[in-house]
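I have placed the structure first, in the form of structure tokens, so that the comments after it can refer back to it.
The values are calculated or read from the model by the stated rules, or taken from the named source; none is laboratory data. This one's a predicted model, so the numbers in the text were calculated from it and none came from an experiment. Methodologically, a virtual Cβ is constructed for each residue, glycine included, from the backbone with ideal geometry; neighbour enumeration extends over all protein chains shown. These area figures cover heavy atoms from the full protein model, side chains too; ligands, DNA and RNA do not enter into them. Shrake-Rupley method; radii C 1.70, N 1.55, O 1.52, S 1.80 Å.
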Amino acid sequence: MNESKIALKDVEMRFGDVVALHSTNLQIATGQTTVLIGPSGCGKSTVLRLIIGLLTPTSGAVEFEGEPISQNNILTLRRRMGYVIQDGGLFPHLTAAQNVTLIAKHLQTFQEDEIQAKLDELCEMTRFPKEGLARYAVELSGGQRQRVSLMRALALDPDVLLLDEPLGALDPMVRASLQTELKEIFNRLGKTVIIVTHDMAEAGYIGNSIVLMREGRVVQQGTLDDLREQPADKFVSEFITAQRSLVQL
Ligand code: ADP
Ligand code: MG
């Protein structure tokens, strides 16, 4: 399917004098993995927060399945989006299981006896060890914490998954194995995924489409090959060359 699940239409986001996002048009394809990449401060997290409705555009509109997101529909739409914030955002005073089921319990999505079945399913999906469910966040490894954040985002079976640098804080070995698993999970679930990273090799490996940003603008959207072979400008080539791991590819 080529239709877009989410679209930014002339979306601008200002914080006082700071323009976090200049007027931007962006299409997010249904059932695909789109990667947002670019230097720190270029507006990646702002794009995710606009999509989930934590920010309201200064001008323009964010559309979900062709419908502009507004105060009237945001609570309904938010239930169709799972969001993993930068650094995971687990509640330290709750166990892994409590973190995962908090929102579902609040919304009374599941009966008490369905919750265990849901937890089992999510552990299976994210390969999180069940005995870890009773542990608090500090008692888990970095990779396990990310799996718990992912389980929490998947708990309501959303159509859309938004992940803000989910692998940023992990050591290289854990990161590499989680990259493989995430890609496999995304392919299997067929959800619309938007993931933020600052690593071009990760973007090329995980993403169907890469959106390279700079200083609040989208510089180019395409596959890794598009960006390598037909860079929109010098910044695209420089950004790719600066990532040494790509030199061998
Ligand atoms: P990235 O995720 O790419 O590192 P962000 O989207 O977090 O970048 O930020 C983009 C720009 O907007 C930065 O200059 C940042 O300082 C600014 N910004 C983001 N959120 C706020 C806010 N709540 N108030 C003021 N400035 C903000
Ligand atoms: Mg960010």
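Of the set (1) at pLDDT 95 or above; (2) within 27 Å of Leu156 (Cα to Cα); (3) of a type in the set (Val, Ile, Thr), all apply to Val19 but (2). The set of residues from the stretch 8-25 being closer than 13 Å to Phe64 by Cβ and either surrounded by fewer than 22 Cβ atoms within 10 Å (Cβ to Cβ) or polar (S, T, N, Q) (or both) comprises just one member, Lys9. Within the stretch 70-92, the set of residues being open to solvent by 40 Å² or more (accessible area, probe 1.4 Å) and away from ligand 1 (no atom under 16 Å from the Cβ) comprises Ser70, Gln71, Asn72, Leu75, Thr76, Arg78, Arg79, Arg80, Phe91, Pro92.
Here is the figure for the stretch 38-56: residues that are more than 11 Å from ligand 2 (Cβ to nearest atom), of a type outside the set (S, T, N, Q) and outside any helix (DSSP H, G or I) total 4. If you check Lys5 against the conditions, is it more than 16 Å from ligand 2 (Cβ to nearest atom), modelled with pLDDT of 95 or more and open to solvent by 70 Å² or more (accessible area, probe 1.4 Å)? Against the criterion (more than 16 Å from ligand 2 (Cβ to nearest atom), modelled with pLDDT of 95 or more and open to solvent by 70 Å² or more (accessible area, probe 1.4 Å)), Lys5 does not qualify.
Filtered by the rule that a residue be among the hydroxyl-bearing types (Ser, Thr, Tyr) and either open to solvent by less than 40 Å² (accessible area, probe 1.4 Å) or more than 15 Å from Ala169 (Cα to Cα) (or both), the stretch 139-157 gives a lone residue, Ser149.
Just one of (1) open to solvent by 50 Å² or more (accessible area, probe 1.4 Å); (2) in contact with a strand residue (DSSP E or B) (Cβ under 9 Å, 6 or more places away or on another chain); (3) within 16 Å of ligand 1 (Cβ to nearest atom) fails for Phe239. It is (1).
Selection within the stretch 93-109: residues that are in a loop (DSSP other than H, G, I, E, B) and either of a type in the set (Gly, Ala, Ser) or within 23 Å of Ser141 (Cα to Cα) (or both). The member of this set that is most open to solvent (accessible area, probe 1.4 Å) is His93. Yes or no: the stretch 37-45 includes at least one residue that is of a type in the set (A, V, I, L, M), within 23 Å of Asn187 (Cβ to Cβ), outside the structural domain of Val138 (by TED's automatic domain parsing) and open to solvent by less than 50 Å² (accessible area, probe 1.4 Å). Within the stretch 37-45 (the criterion being of a type in the set (A, V, I, L, M), within 23 Å of Asn187 (Cβ to Cβ), outside the structural domain of Val138 (by TED's automatic domain parsing) and open to solvent by less than 50 Å² (accessible area, probe 1.4 Å)), the answer is yes, since at least one residue qualifies. Considering Glu215, Glu229, Glu238, the condition of being at positive phi and over 18 Å from the mean Cα position of the chain (by Cα) is satisfied by Glu215 alone. Out of the stretch 42-82, which residues are farther than 21 Å from Glu3 by Cα, of a type outside the set (Lys, Arg) and touching a residue at least 24 places away in the same chain (Cβ under 8 Å)? The answer is Cys42, Gly43, Ser45, Thr46, Gly53, Leu55, Pro57, Thr58, Ser59. The numbered conditions (1) within 16 Å of ligand 1 (Cβ to nearest atom); (2) among the acidic types (Asp, Glu); (3) under 20 Å from the mean Cα position of the chain (by Cα) are all true for Asp17 except (3).
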